[in-house]
1. crowded, with 20+ Cβ neighbours inside 10 Å, within 29 Å of residue 78 (Cβ to Cβ), away from the ligand (no atom under 16 Å from the Cβ) and touching a residue at least 12 places away in the same chain (Cβ under 8 Å): does that describe residue 118?
2. Could you grab me the full set of residues in segment 117-131 that are at pLDDT 95 or above and in contact with a strand residue (DSSP E or B) (Cβ under 8 Å, 6 or more places away or on another chain)?
3. On the basis of being modelled with pLDDT of 95 or more, within 16 Å of the ligand (Cβ to nearest atom) and over 14 Å from the mean Cα position of the chain (by Cα), does residue 137 make the cut?
4. Please find, among 134, 188, 195, the residue that is on the phi > 0 side of the Ramachandran plot and touching a strand residue (DSSP E or B) at 6+ places or on another chain (Cβ under 9 Å).
5. Inside segment 140-168, can you point out the residues that are within 16 Å of the ligand (Cβ to nearest atom) and surrounded by fewer than 21 Cβ atoms within 10 Å (Cβ to Cβ)?
6. Looking only at segment 170-188, which residues are part of a loop (DSSP other than H, G, I, E, B) and either more than 18 Å from residue 147 (Cα to Cα) or away from the ligand (no atom under 12 Å from the Cβ) (or both)?
7. Can you pull out every residue in segment 140-168 that is free of Cβ contacts under 8 Å to residues at least 24 places away in the same chain and closer than 17 Å to residue 100 by Cα?
Ligand SMILES: *Cc1c(COP(=O)(O)O)cnc(C)c1O
C-alpha cells in the first residue's frame, strides 16, 4: 500500500493526487490532519505517521484510518478509550526505533516485547494492533538502511509468531520513504510512506 505523505501540502495538491485515484494520505501532525479532513473528500483514508500525544487523540478518533506511531501502553489505553466513544476499533501500528539517530519516539526491542507481553493489552478491545512501523537512519549508506529494515522485518515475524499468530489483523510492516522505499519493499514492507517523490517541491 502506498501512503502519500501530504504534510506541508495544501488541499489543492492533495486533490490532484486524489483525482488520480490516490485515497491513502499520511500526516504527521494532528491539527493539520484534522484541518485537511474537514476540507477534503470524506473517502480519503487518513494515516497518522507522526508522534501522537495522548491529549490529541480525541481530535482524530472518529475517523483516523491507521495510527502508525503507537509507542507505549498509556497511549494505547487512551486510544482505546477514545475509540469506545465512537463505537469503533482504531487500527494501530507499533512504532519501533530502528535508526541510529537519537529520538524519544519509538519502542526499542525490549520495550516492544514488554508491550506485547502485557496482559492488559487483551483488554483493549477497541484497539486493533495491525503491525509495526519504523524509520531507517537518514543516510546514503544502503547497507545500513537494508540492515535496519531487515531487523524490523525480523521483529515483525517474531511478534506475529509469538503473539498474533491466530489473528489475520497483524499484517502490516510500514517502512520506506522517498529515499529508501525500494530497499524497504525488498525487505518486506507492506506499506511505504512517500512524500517528496510524489509532491513537487513548490506547493
Ligand atoms: C515525512 C515523512 C515521510 C515521507 O518522507 P519523504 O522523504 O518526503 O518521502 C514518511 N514517514 C514519516 C514518519 C514522515 O514524517
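The values are calculated or read from the model by the stated rules, or taken from the named source; none is laboratory data. This structure is a prediction, so every number in the text was calculated from the model and none was measured. Virtual Cβ from ideal backbone geometry, glycine too; neighbours counted across all protein chains shown.
1. Working: crowded, with 20+ Cβ neighbours inside 10 Å: no; within 29 Å of residue 78 (Cβ to Cβ): yes; away from the ligand (no atom under 16 Å from the Cβ): yes; touching a residue at least 12 places away in the same chain (Cβ under 8 Å): yes.
It is false that residue 118 is crowded, with 20+ Cβ neighbours inside 10 Å, within 29 Å of residue 78 (Cβ to Cβ), away from the ligand (no atom under 16 Å from the Cβ) and touching a residue at least 12 places away in the same chain (Cβ under 8 Å).
2. Those that are at pLDDT 95 or above and in contact with a strand residue (DSSP E or B) (Cβ under 8 Å, 6 or more places away or on another chain): 126, 127, 128, 129, 130, 131.
3. Details: modelled with pLDDT of 95 or more: yes; within 16 Å of the ligand (Cβ to nearest atom): yes; over 14 Å from the mean Cα position of the chain (by Cα): yes.
For residue 137, the condition - modelled with pLDDT of 95 or more, within 16 Å of the ligand (Cβ to nearest atom) and over 14 Å from the mean Cα position of the chain (by Cα) - is met.
4. On the way: 134 fails: on the phi > 0 side of the Ramachandran plot; 195 fails: on the phi > 0 side of the Ramachandran plot.
Of the residues listed, the single one that is on the phi > 0 side of the Ramachandran plot and touching a strand residue (DSSP E or B) at 6+ places or on another chain (Cβ under 9 Å) is 188.
5. Taking segment 140-168 and keeping what is within 16 Å of the ligand (Cβ to nearest atom), we get 140, 142, 145, 148-149, 152.
Of everything in segment 140-168, those that are within 16 Å of the ligand (Cβ to nearest atom) and surrounded by fewer than 21 Cβ atoms within 10 Å (Cβ to Cβ) turn out to be 140, 142.
6. Just the residues of segment 170-188 that are part of a loop (DSSP other than H, G, I, E, B), to begin with: 170-171, 175-180, 187-188.
Listed by number, the residues that qualify are 170, 171, 187, 188.
7. 140, 141, 143, 147
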